[in-house]
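Inspection log for the structure reproduced underneath, given as structure tokens.
Please treat every number below as a calculation from the coordinates, not as lab data. What you see is a predicted model, and the numbers here were worked out from it, not measured in a lab. Counting neighbours? That spans all protein chains shown, and the Cβs are built from the backbone with ideal geometry, glycine included.
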Amino acid sequence: MDDHVRQLLLLGREHYHRGEFDKAEYVLRQVIAKSDRHADVHHMLGVIAHGSGDFTRAEIHFEKAVFLNPNYTEAQLNLMVTYNDLGKYDAARRIYAQVRARTVTAQLDPFIKGKLSNMHAELSQAYVDVGMASEAIRELEKAVTLCPHFADLQTRLGVLYRDTGDLSRATQCFLTAKQANARYVPGRLALGTLMLGSGEIEAARREFEAVLDVEPENRLAHTYLRLTHSAPRTSTPPPGNDLA
């Protein structure tokens, strides 16, 4: 954001909070003309438009605010009110359901979140057992949304992504599992084998060595570590550097 836009934004907010809505609207419109990425600017313009009875324009601004920030609860609630004013009752109910769902999830007791997460994980395994991979993935995605720091669930989701060919998401899940619990062996092994398969030899070796720090007798880690000495790289190493 350049200094001019920043000054306009500060001035527009100042007018708005003072109730000087005509002045605020004039300045805030200059802001979005130069940088149309501020959810709160669209929210303020929506409030001003709604206050003047222009519900259609208010709808446009509130929708843009929610588009820019899907978790902007105040903008969602104002959009819901505006939808009601315009007779769009189904749309209003959808917005309300979204707000309620997010609020309930955020306020759940951690124990309850864990219990629900494990229920989704169990259902996911049931889908895996009957060969319904897409449904299994959806259930595990719900599980990790509730408990994103469960390394075992992130690893299981990563394995499903890997087995269905989505290596990018698989890698992200394994990295998240590693961040959540660096000593969780299945996650480090899964990440290492994915790296080994893609030719990231040094990175794979670090993962297997980390596993052996936790479980010195882990046979898989020893086997994979030996493979890193003979597996081809994805790129040609600099002269004088070998794998050992």
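Remarks
- The long axis of helix 151-163 is offset from the longest Cα principal axis of the chain by roughly 80 degrees.
- The calculated FRET efficiency for residue 98 paired with residue 36, based on their beta-carbon distance and R0 = 30 Å, is about 0.80.
- Cut-off 18 Å, label 7 Å out along Cα→Cβ of residue 112, residues of segment 141-182 by amide N: 143-148
- Panel note: the C-alpha atoms of segment 1-156, placed on their principal axes, show extents of 62, 40, 28 Å (largest first).
- In segment 1-108, the GluC sites (Glu not before Pro) that fall in loop regions by DSSP, at most 15 other Cβ within 10 Å: 20
- Here's the list of lysines a cross-link from residue 115 could span, going by alpha-carbon distance under 24 Å and ignoring same-chain residues fewer than 8 apart: 142, 178.
- Annotation: for a label point projected 7 angstrom from Cα along Cα→Cβ of residue 90, no residues of segment 45-74 have a backbone N closer than 17 Å.
- Shape of segment 110-227, Cα gyration tensor, a/c cut at 1.5: prolate
- Rounded to the nearest whole Hz, the Karplus-based 3J(HN,Hα) values (6.51 cos²θ - 1.76 cosθ + 1.60, θ = phi - 60°) of segment 138-147 follow the sequence 4, 5, 5, 4, 5, 4, 6, 5, 6, 9, with x at glycine and proline.
- Under the combined filter of DSSP loop state and at most 13 neighbouring Cβ atoms within 10 Å, segment 93-188 retains these trypsin sites (Lys or Arg not before Pro): 183.
- Computed log₁₀ I(q)/I(0) - Debye formula, equal Cα scatterers, no solvent, segment 69-167, q 0.16 Å⁻¹: -0.78
- Between 0 and 90°, nearest 10: helix 39-51 axis offset from the chain longest Cα axis: 30
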